[in-house]
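One structure below.
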Amino acid sequence: MFYEGPVWYQRYFSYHKRAQVRTFLHFAAANYLARVYLNGEKIGEHEGGFTPFVLEVTSNVRDGQNNIVVEVNNVRRPDAVPALSTDWWNYGGLTRSVDLVDVPDVFVQDYFLQLAKGSADQIAGWVQLDGASQPQTVSIEIPELGLKKSVSTDANGHAEFRFPAKLTLWSPEAPKLYRVVISSGRETVEEQIGFRTIETRGTQILLNWKPVFLRGISLHEEAPFRGGRIVSEDEDRTLLEWAKELGCNFVRLAHYPHNEAMVRLADRMGLLVWEEVPVYWDIAWQNRSTLENAKAQLRDTITRDHDRASVILWSLSNETPPVPARTEFLRTLADYARSLDSTRLLTSAMNHTQPAGPNTRSLDDPLGQYLDVLGLNEYVGWYERRPEDADAIRWTSSYQKPLIVSEFGAGAVYGKHGEAQTRFTEEYQARVFEHQINMLRQVPSLAGMSPWLLMDFRSPRRPLVGIQDFHNRKGLISDGGRRKQAFYVLQRFYGELANSNPH
Ligand code: GCU
């Protein structure tokens, strides 16, 4: 149960080589350090537990019988991302799919299509080919709009484009996706892409130029009913349908990039998404390789999901100490994120605030200056004060920026009932949510919330026998799929918000 260390995988497979074809191994994720051997030869390794990676095996794979061996080691290290301490289970190994992929010798390696910044009727983006030794013609087609554009790549196989398009914009209420066909030479890639604008104005978040309030919930990538890492889209769908039932238009995929199908499902179901890299609690801020690792995980998350309309926020960190080395580390990460994707908003979940007058707390974390949207984790009524104390507490910040309360909550064992002042009863958790909602109604810069969290999840830090049994019990739904009283408190509040301000 608590094993951490290397696990080994081995498989024989037969393969038929063809001319003008290149072959890659695609790993959707491997937690945490993977080493890959093909036919006895090491072909590469990858660090980072939640992002995809590919290894070219064109010259290694044989015509006929092949033997692949993979070692994955989930042992935690102080210089890793995350480091030694997390409040989630360190599920190790090949946690997502592994595919052998054949592509033409010149193929579409990546592409980015979104609305041009500040426009609702101009599509801008780029296509990147791999293997092209001279300029190639690339066509971008959106059949439903009768659009077909051709561009020519430069010497590096890169082509940028911008063209007018009369679009139905994507939104949670109407998650319109267009079939997009990108073709070049002998390859055609089909995609489903939605188009929307996202920006801030003062303390508001604007979706398609209308203020939107993010009725959210946080969730881990934990399988409902059986526990463990999610391995199927059905399990993704169960969680996102529960979020919809709660009345959400927003999900915070904590604390690491979830599987790709979860984000594609959010695109189709109309849920706005906060995605996050696991720069969690305290990590080796002064260590150069740690920064490079965090940048690589951020790059691979953005590269995988930058065509998903549902994704509006990239989050750089969770509950990190406001010391200079950390703020410098995250400033670098913020600049890097913007260099990769200037169309989305940057945020982080912070939890250090200052007293600012009687019953008033201010979020002045220096990290806030590098963010578009402030995330605040606070646990009034659980880790501090009593639930009813929340009614009188006010929150402010030294930034004129939208604020998302990215975590609040309380533990409860499904089916444990008692006086509302008895911790871990459903009644206590419901009371915390009632008083938190009273408090958050008073926060003028509040643009959204993603309470902690949708479903109970496994954690080595939660050992209380008969209460936690190595589960964090802050779920509004138990790991057995049973709704607690607090689920209905939040559902009622979100229903009221949705009726009063549908956007
Ligand atoms: C922290 C942290 C979560 C953790 C939660 C809790 O805010 O961000 O990862 O699970 O609080 O203590 O339950």
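The values are calculated or read from the model by the stated rules, or taken from the named source; none is laboratory data. Model, not experiment: these values are computed from the prediction. For neighbour counting, all protein chains shown are included, and Cβ atoms are generated from backbone atoms with ideal geometry for every residue, glycine included. Surface areas here come from the heavy atoms of the whole protein model, side chains and all, with no ligands, DNA or RNA. Shrake-Rupley method; radii C 1.70, N 1.55, O 1.52, S 1.80 Å.
Some points to look at:
- Filtering the stretch 470-503 to residues that are away from the ligand (no atom under 15 Å from the Cβ) and more than 19 Å from Ala430 (Cβ to Cβ) leaves Ala498, Asn499, Ser500, Asn501, Pro502, His503.
- Checked against (1) under 24 Å from Val277 (Cβ atoms); (2) within 16 Å of the ligand (Cβ to nearest atom), Glu384 meets all criteria but (1).
- Number of the condition not met by Ala120 [criteria: (1) of a type in the set (A, V, I, L, M, F, W, C); (2) closer than 30 Å to Leu167 by Cα; (3) not in a loop (DSSP other than H, G, I, E, B)]: (3)
- Just one of the listed residues (Val263, Val251) is within 16 Å of the ligand (Cβ to nearest atom) and either touching a Lys or Arg at 6+ places or on another chain (Cβ under 8 Å) or at pLDDT 95 or above (or both), and it is Val251.
- Matching residues, the stretch 395-423, being more than 29 Å from the chain's Cα centre (by Cα) and either part of a strand (DSSP E or B) or away from the ligand (no atom under 15 Å from the Cβ) (or both): Gly415, Lys416, His417, Gly418, Glu419, Ala420, Gln421, Thr422
- Restricting attention to the stretch 337-374, the residues that are open to solvent by 40 Å² or more (accessible area, probe 1.4 Å), among the aliphatic types (A, V, I, L, M) and in a loop (DSSP other than H, G, I, E, B) total 1.
- Qualifying residue in the stretch 487-503 (condition: acidic (Asp, Glu) and surrounded by 15 or more Cβ atoms within 10 Å (Cβ to Cβ)): no
- Residue in the stretch 59-74 that is in contact with a helix residue (DSSP H, G or I) (Cβ under 7 Å, 6 or more places away or on another chain) and at pLDDT 95 or above present: no
- When Leu33, Leu38, Leu100 are screened for being buried (at least 18 other Cβ atoms within 10 Å of the Cβ) and farther than 30 Å from Gln286 by Cα, only Leu38 passes.
- Flag if Thr360 is within 28 Å of Thr332 (Cβ to Cβ) and assigned by TED's automatic domain parsing to the domain that holds Ser315: no
- Within the stretch 1-23, none of the residues are in contact with a strand residue (DSSP E or B) (Cβ under 6 Å, 6 or more places away or on another chain), within 20 Å of Ser289 (Cβ to Cβ), open to solvent by 30 Å² or more (accessible area, probe 1.4 Å) and modelled with pLDDT of 95 or more.
- Flag for Glu319 being open to solvent by 30 Å² or more (accessible area, probe 1.4 Å), under 27 Å from Ile198 (Cα atoms) and within 16 Å of the ligand (Cβ to nearest atom): yes
- Scope the stretch 255-291; condition out of contact with any Leu (no Cβ under 7 Å at 6 or more places or on another chain) and of a type in the set (A, V, I, L, M, F, W, C); matching residues: Ala261, Val263, Trp281, Ile283, Ala284, Trp285, Leu291
- The residues in the stretch 432-459 that are within 13 Å of the ligand (Cβ to nearest atom) and either open to solvent by 60 Å² or more (accessible area, probe 1.4 Å) or among the charged types (D, E, K, R) (or both) can be counted, and the count is 2.
- Of all residues in the stretch 165-182, those being touching a residue at least 60 places away in the same chain (Cβ under 8 Å) and hydroxyl-bearing (Ser, Thr, Tyr) number 1.
- Exactly one residue among Val61, Val70 is aliphatic (A, V, I, L, M), buried (at least 18 other Cβ atoms within 10 Å of the Cβ) and not in a loop (DSSP other than H, G, I, E, B), and that residue is Val70.
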